[in-house]
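Colleague: After the structure tokens below, expect a handful of questions from me.
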Amino acid sequence: MGTKLYIKTYGCQMNEYDSQKTLEILKQDSTIEETTNPNEADIILLNTCSIREKAEEKVYSELGRLNKLKKINPNLKIGVGGCVATQEGKNIYKRAPFVDLIFGPQTIHKVPSLLKEGNKIQAVDVSFPIVEKFDSLPQPEATGVSSFVSIMEGCSKYCSFCVVPYTRGDEVSRKPDQIFDEVTRLIEQGVSEIVFVGQNVNAYKYSWNGRVLGLSDLIEVCGSIDGVERIRYTTSHPLEMTDDLIDVYGHVPQLVSHLHLPVQSGSNNILIKMKRNYSREEYIEIIDKLLKVRPNIKISSDFIVGFPNETDTDFQQTMDLIEEVKFDASFSFIYSARPGTPASQLEDIVPLEVKKERLYILQKRIDELQLEYSNDLVNTIQRCLVTGVSKKDINQLQARTECNRVVNFDFQNINILGKLVDIDITKAYQRSLTGKILNSEGVS
């Protein structure tokens with residue numbers, strides 16, 4: 001019997017990418033196979049996230065449950081990776097001494113050797129060898145028609161509320177030839193959609209063959225690779241939305257008409273306290289430029305509600321920005337202080353109930369806008385990428401519009417997975433659509 005591996009992933013797309021790469025690294029040992037059942041696993045790895053408050057407590061709670069499995073199976077190996085591992089370091093051993101290894105986001109390539117390490121104090125690596133990590137990644141394995149490709153890691157922006165620079169290090173960009181090779185290999189395995197990922201993905205910069213390449217160059221090159229039907233990227237930062245990146249929307253049709261561009265607040269006062277280094281007016285200027293190049297582009301964003309001492313006026317300015325930009329969707333949360341960040345030292349006198357009310361108001365308005373956009377798609381024909389079987393009905397297939405809407409539709413031919421099809425949208429819901437495929441001639 002082989003060694004069964006279970007990986008539980010928390011958090012962002014970068015963590016999803018890291019978990020997939022960790023799996024690929026470990027599966028180079030032919031005796032290791034993945035399982036979805038932790039109860040039968042011989043190795044359990046937690047890939048953690050520390051963006052939200054009390055993230056480490058959730059990890060310790062999960063470790064408490066896993067300790068019961070360890071008592072049943074003393075040979076079970078338990079590892080903690082990701083940002084909580086970096087943040088907590090060897091403290092994890094103090095609170096959960098049964099853990100066998102601890103590794104940071106940049107040391108996933110060292111997991112095989114850490115698993116073999118008998119001395120637990122030595123089985124800890126939360127350093128930041130990002131380039132070494134990129135150089136050590138195995139050949140990619142496609143897991144569907146859409147695939148993440150990491151092009152950079154870390155963050156050098158040091159926003160006052162964010163722990164990422166401390167848990168993932170400063171920005172480091174990956175070699176272009178590694179990126180192009182990974183994209184080509186994924187396309188050969190049937191992938192149709194490439195999603196470039198990074199903490200600040202549009203901060204990508206690399207000196208190559210006598211010139212400095214940016215994200216716009218990667219998009220242009222990958223758009224010319226036969227088989228690449230769609231290109232997305234996440235998560236971007238307003239400071240890096242340069243004119244060349246905006247212009248690429250005008251001549252690379254594979255680049256979708258959807259952008260996730262976190263703004264965090266509509267108040268200049270709060271943006272200054274957050275150390276975002278752009279103003280509300282500069283953010284709007286970016287959106288205006290994008291709309292001139294790609295009039296049908298949809299914008300989603302991140303919002304932090306209840307930043308220390310956010311006033312009613314500050315919050316109203318955020319709501320006014322939402323009305324002006326008409327965001328299509330959002331990830332929005334009440335501010336939570338992260339240990340070691342400058343904002344965690346700020347005094348805050350805004351009651352929690354006020355923050356909860358503001359979050360409700362903001363999310364309700366975003367939901368209304370999202371439904372309005374969905375309703376606007378009814379009785380239109382949308383070019384969609386078929387991504388798999390519907391999660392709502394196994395007799396249906398699922399596709400995704402350019403503006404990132406899921407469309408469920410009847411069709412029995414599974415051979416259209418990864419293909420672009422024309423779908424007549426017949427009904428809209430809050431976060432999905434129902435449609436009817438026109439005919440086989442709409443398949444490309």
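Colleague: When L115, L346 are ordered from fewest to most other Cβ atoms inside 10 Å of their Cβ, what list results?
Modeller: So the residues, fewest neighbours to most, are L346, L115.
Colleague: Tell me the label only: which of (i) 166; (ii) 158; (iii) 199 is volume of the Cα convex hull per residue in Å³ as calculated from this structure?
Modeller: From the options (i) 166; (ii) 158; (iii) 199, the structure gives (ii).
Colleague: Mind running the shape call on region 273-383? Use the C-alpha gyration tensor, a ≥ b ≥ c as the square roots of the eigenvalues: rounded below 1.5 for a/c, prolate if a/b tops b/c, oblate otherwise.
Modeller: Taking the square roots of the gyration eigenvalues as a ≥ b ≥ c, region 273-383 is prolate.
Colleague: Straight distance only, please: which lysines reach the Cα of K289 with their own Cα at less than 28 Å, same-chain residues fewer than 8 apart left out?
Modeller: K157, K205, K273, K275, K298, K326, K364
Colleague: With +1 on each Lys and Arg Cβ and -1 on each Asp and Glu Cβ, and nothing else charged, work out how big the dipole of region 3-129 is about its Cα centre, in Debye to the nearest 20.
Modeller: Around 460 debye, computed over region 3-129.
Colleague: How high is the FRET efficiency between E353 and F331 when r is their beta carbon distance and R₀ equals 22 Å, given to the nearest 0.05?
Modeller: 0.50
Colleague: Residue farthest toward the positive end of the dipole of the chain, with Cβ of Lys/Arg at +1 and Asp/Glu at -1: which of Y373, L255, I121?
Modeller: I121
Colleague: A further question on this structure: Which listed residue (G169, G81, Y429) has the Cα farthest towards the positive end of the charge dipole for the chain, taking +1 on Lys and Arg C-beta and -1 on Asp and Glu C-beta about the Cα centre?
Modeller: Towards the positive end, the residue furthest out is G81.
Colleague: Mind ranking 232-242, 218-228, 40-50, 89-99 by how tightly packed they are, going by the mean number of other C-beta atoms within 10 angstrom, highest first?
Modeller: Result, highest mean first: 40-50, 232-242, 218-228, 89-99.
Colleague: Once both labels are modelled 7 Å past Cα along the beta-carbon direction, what's the Q28-Q13 spacing in nm?
Modeller: Each label point lies 7 Å from its Cα, and together they span 2.6 nm.
Colleague: Turning to a different aspect of this structure: List the lysines whose Cα lies under 17 Å from the Cα of K419, skipping any in the same chain that are fewer than 8 positions away.
Modeller: Straight-line reach from K419, under 17 Å: K436.
Colleague: Whole-Hz ³J(HN,Hα) for each residue in region 245-254, computed from phi via Karplus 6.51 cos²θ - 1.76 cosθ + 1.60 with θ = phi - 60°, x for glycine and proline: what do you get?
Modeller: 6, 5, 5, 5, 5, x, 9, 10, x, 5
Colleague: Name the shape class, rounded, prolate or oblate, that the alpha-carbon gyration tensor gives for region 3-129, where a ≥ b ≥ c are the square roots of its eigenvalues, rounded holds for a/c under 1.5, and otherwise prolate holds if a/b is larger than b/c and oblate otherwise.
Modeller: Rounded is the answer for region 3-129, as its axis ratio a/c remains below 1.5.
Colleague: Give me the number: length gained by fully extending N119 to Q189, i.e. 0.36 nm times residue separation minus the C-alpha to C-alpha distance, one decimal in nm.
Modeller: 21.2 nm
Colleague: Strictly under 4.7 angstrom between C-beta atoms: which cysteines of the chain have no such partner?
Modeller: C12, C49, C83, C155, C222, C384, C403
Colleague: With 10 angstrom as the radius, rank R383, R400 by how many other C-beta atoms surround their C-beta, starting from the fewest.
Modeller: With the fewest neighbours first, R383, R400 line up as R383, R400.
Colleague: Pull up all non-local amide H partners of Q396: gap of 5 or more, or a different chain, and H-to-H distance under 5 Å with H placed in the peptide plane.
Modeller: Amide H to amide H, under 5 Å and 5 or more residues apart or across chains, Q396 pairs with S390.
Colleague: Whole-Hz ³J(HN,Hα) for each residue in region 383-388, computed from phi via Karplus 6.51 cos²θ - 1.76 cosθ + 1.60 with θ = phi - 60°, x for glycine and proline: what do you get?
Modeller: Result, rounded to whole Hz: 7, 10, 9, 6, 10, x.
Colleague: For region 1-54, rounded, prolate or oblate, judged on the Cα gyration tensor with a ≥ b ≥ c (square roots of eigenvalues), a/c < 1.5 rounded, else prolate if a/b > b/c?
Modeller: Oblate, since a/c reaches 1.5 and b/c is not below a/b.
Colleague: Sequence gap at least 6, Cα distance under 8 Å: using those rules, report the relative contact order of region 55-158 to the nearest whole percent. Please report the intermediate quantities before stating the final value.
Modeller: Working: 100 pairs, mean separation 21.8, N = 104.
Reported relative contact order: 21 percent.
Colleague: Starting from the Cα of S344, step 7 Å along the direction of its Cβ; do the same at S156; then give the gap between the two resulting points in nm.
Modeller: Once both label points are built, they end up 2.5 nm from each other.
Colleague: Let me know the charge dipole size of region 247-375 about its Cα centre in debye, to the nearest 20, where only the beta-carbon of Lys, Arg (+1) and Asp, Glu (-1) is charged.
Modeller: Numbers: 15 positive and 20 negative charges, 79 e Å.
Here region 247-375 has a charge dipole of around 380 debye.
Colleague: Same structure, new question: Could you sort the peptides 75-88, 147-160 by per-residue average Cβ neighbour count (10 Å cutoff), highest mean leading?
Modeller: Packing order, densest peptide first, comes out as 75-88, 147-160.
Colleague: When the label point is put 7 Å from the Cα of I225 along its Cα-to-beta-carbon vector, which residues of region 115-146 have a backbone N closer than 11 Å?
Modeller: Only 140 fall inside the zone, counting backbone N under 11 Å.
Colleague: Taking 0.36 nm per residue of sequence separation and subtracting the Cα-Cα distance, how much length would be gained by fully extending the chain between N73 and D376, in nm to one decimal?
Modeller: The N73-D376 span can extend by a further 103.5 nm.
Colleague: For T313 paired with E141, estimate the spin-label separation in nm (one decimal), with each label point 7 Å from Cα along the Cα-to-Cβ line.
Modeller: Computed distance between label sites T313 and E141 equals 5.8 nm.
Colleague: Return the subset of K8/K77; K71/K120; K21/K120; K110/K133 for which the Cα-Cα distance in this structure is over 20 Å, preserving the input order.
Modeller: In this structure, K21/K120 lie more than 20 Å apart at Cα.
Colleague: From the phi of every residue in region 102-114, what ³J(HN,Hα) in whole Hz does the Karplus formula 6.51 cos²θ - 1.76 cosθ + 1.60 yield, where θ is phi - 60° and glycine or proline is x?
Modeller: Whole-Hz 3J(HN,Hα) from phi for region 102-114: 9, 9, x, x, 8, 10, 5, 5, 9, 4, x, 6, 5.
Here, each number is a calculation from the coordinates, and none is a lab measurement. If you're wondering where the values come from, they're calculated on a predicted model, not measured in any experiment. Reconstructed Cβ throughout: ideal geometry from the backbone, glycine too, with neighbour counts over all protein chains shown.
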